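The values are calculated or read from the model by the stated rules, or taken from the named source; none is laboratory data. Just so you know, these numbers come straight off a predicted model, no measurement behind them. Cβ placement follows ideal geometry from the backbone for every residue including glycine, while neighbour counts extend to all protein chains displayed. Please note that ligands, DNA and RNA were not included when accessible areas were found on the heavy atoms of the full protein model with its side chains. Shrake-Rupley method; radii C 1.70, N 1.55, O 1.52, S 1.80 Å.
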Amino acid sequence: MLILQDCTLVELYPSRVERGVDIVIDGDKIIAVGQSLSGEYPGAQIKPMNGKLVMPGLVCSHNHFYSGLSRGVMAPIPPCPDFISTLKNLWWRLDRALDEESLYYSGVICALEAIKGGCTSVIDHHASPAFIAGSLAVLRQAFLDTGLRGMTCFETTDRNGGLEELKAGVQENIAFARLIDKEKQSNPQSYLVEAHIGAHAPFTVSDAGLELLRDAIKETGRGLHIHVAEDRYDVAHSHDKYSLDPVLRLEKFGLLNEKTLIAHGLWLSEQEVECLNSHNAFLVHNARSNMNNHVGYNPHLPKVKWAALGTDGIGSDMFEELKFAWFKHRDAGGPLGTDRFLQMLNNGNELLTRNFGQSFGRLAPGYTADITVLDYAEPTPLCADNLAGHMAFGMSSAVVDTVIVAGRRVYEDRAFAQPIAPLYDKARVAAKKMWQRMAAI
């Protein structure tokens, strides 16, 4: 049992700030929150917070851990004048160059950096066409070895190998979901990784593939995780080949439910937004990636019922992502206030709640003890009404002090429990070999 003593308790949405609070953790759950609780639990270990900000763990709701060794990539990349050429010349070559070693270290480095940035959970979207079977288990091991909570899935697609590649991707998703089900039965208190059923984007998945995905969702009870309308091309392709908007095509095949995660959605129609809302599906906004890929700005955010924030592979720093999402919205003349972006950030915890079957996102008895601690020197008084302003204009990942996942301190007093320099050494070796394979593709 652990008591975080003298916390400044912070919850993102609805915003809450309360000082002098003790938080009692037993196993992976919060069991009590209140004033001066140490006397009620005489055998507990006490960790003085000295007024540090203690909040529910931050969630990156869409990421690509397979891209972790792409930073500064030294492989010849042809010019990329548009989004599709960026996919073909860079990302679809990189993912084909992944093997077991490079994938593992990519996952480990991404997980370590997510934790250091204050994340307790990352929802991943994976692709490695030359290493499909067993790839998700490798990523799961990276999550477990670092202590990060996560979800992952395989990007089902026919872009390289047609129907056989589609079948292999769906089978990997099903096999991984079964692996997770087995883990939950044998060790329900320690399972940290969940499964989605993944697909790349509608323009690389035929109707036969959507049928396979529908069957996989029914068989496993999971939700779909897919890119949709990241670029205008996805919409044009859907209209040309199927005479449907892409989200309505997904609905036609029964692929939308309350566990569904749609990434990007920049070019959706009003009808598609209404469709997502009617199914209580999530749309994950990735502001920095959209800017980097020059695909436009999402004007639908004010109308999306369940919007969350992700990075689409540009790290896992959700403080940065919150800032960029807010500033880009302001630059685009959007009507939302900063509090709505805190709500989007907090909605990642609702995604976890629906998929893990546990309670996330509050510091209250019965909630999972996924917690981020900040050593933030507030230059002006901090309260519930101005929390969004402090996060958008003051706080950063540099103030992350401690990260607790499922009651375990995976990052404490700005240090990891394990030596990480050897992991970075091995990652650099794996990256160099991967770049060499990439150059030959």
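Side notes on the structure shown:
- Of Lys182/Lys303; Lys218/Lys305; Lys241/Lys323; Lys252/Lys303; Lys167/Lys241, those spanning more than 27 Å from alpha-carbon to alpha-carbon: Lys182/Lys303; Lys241/Lys323
- Amide N proximity, region 232-255 versus Asp215 label position 7 Å along Cα-to-Cβ, cut-off under 17 Å: 253-255
- Kirkwood analysis of the chain, using all unique Cα-Cα pairs, places the hydrodynamic radius at 22.0 Å.
- Anchor Lys433: lysines whose Cα lies under 27 Å away (excluding residues fewer than 8 positions away in-chain): Lys88, Lys116
- Residue of Leu103, Leu250, Leu224 that the Gaussian network model of the chain assigns the largest fluctuation, springs spanning Cα pairs under 10 Å: Leu250
- Inter-label distance, nm, simple model (7 Å from Cα along the C-beta direction), Ser278/Leu244: 1.3 nm
- Beta bridges per DSSP with both ends in the chain, % antiparallel, nearest 5: 45 percent
- Solvent-accessible surface (1.4 angstrom probe) belonging to Cys80, in square angstrom, nearest 10: 50 Å²
- Using C-alpha pairs below 8 Å separated by at least 6 residues, the relative contact order for the chain is 22 percent.
- Using alpha-carbon coordinates, inclination of helix 100-116 to the longest axis of the chain, degrees: 40 degrees
- Of all DSSP-defined beta bridges confined to region 1-134, some 55% are antiparallel rather than parallel.
- Largest-first ordering by accessible area, 1.4 Å probe, given options Thr157, Thr353: Thr353, Thr157
- Trp326 accessible area, assembled protein chains, probe 1.4 Å, Å²: 30 Å²
- Solvent-accessible area, 1.4 Å probe, carbon plus sulfur percent, for the chain: 52 percent
- Approximate shape of region 126-233 as ellipsoid semi-axes (Cα gyration tensor, √5λ), whole Å, largest first: 25, 14, 13
- Computed on region 172-228, with alpha-carbon pairs under 8 angstrom and 6+ residues apart, the relative contact order is 43 percent.
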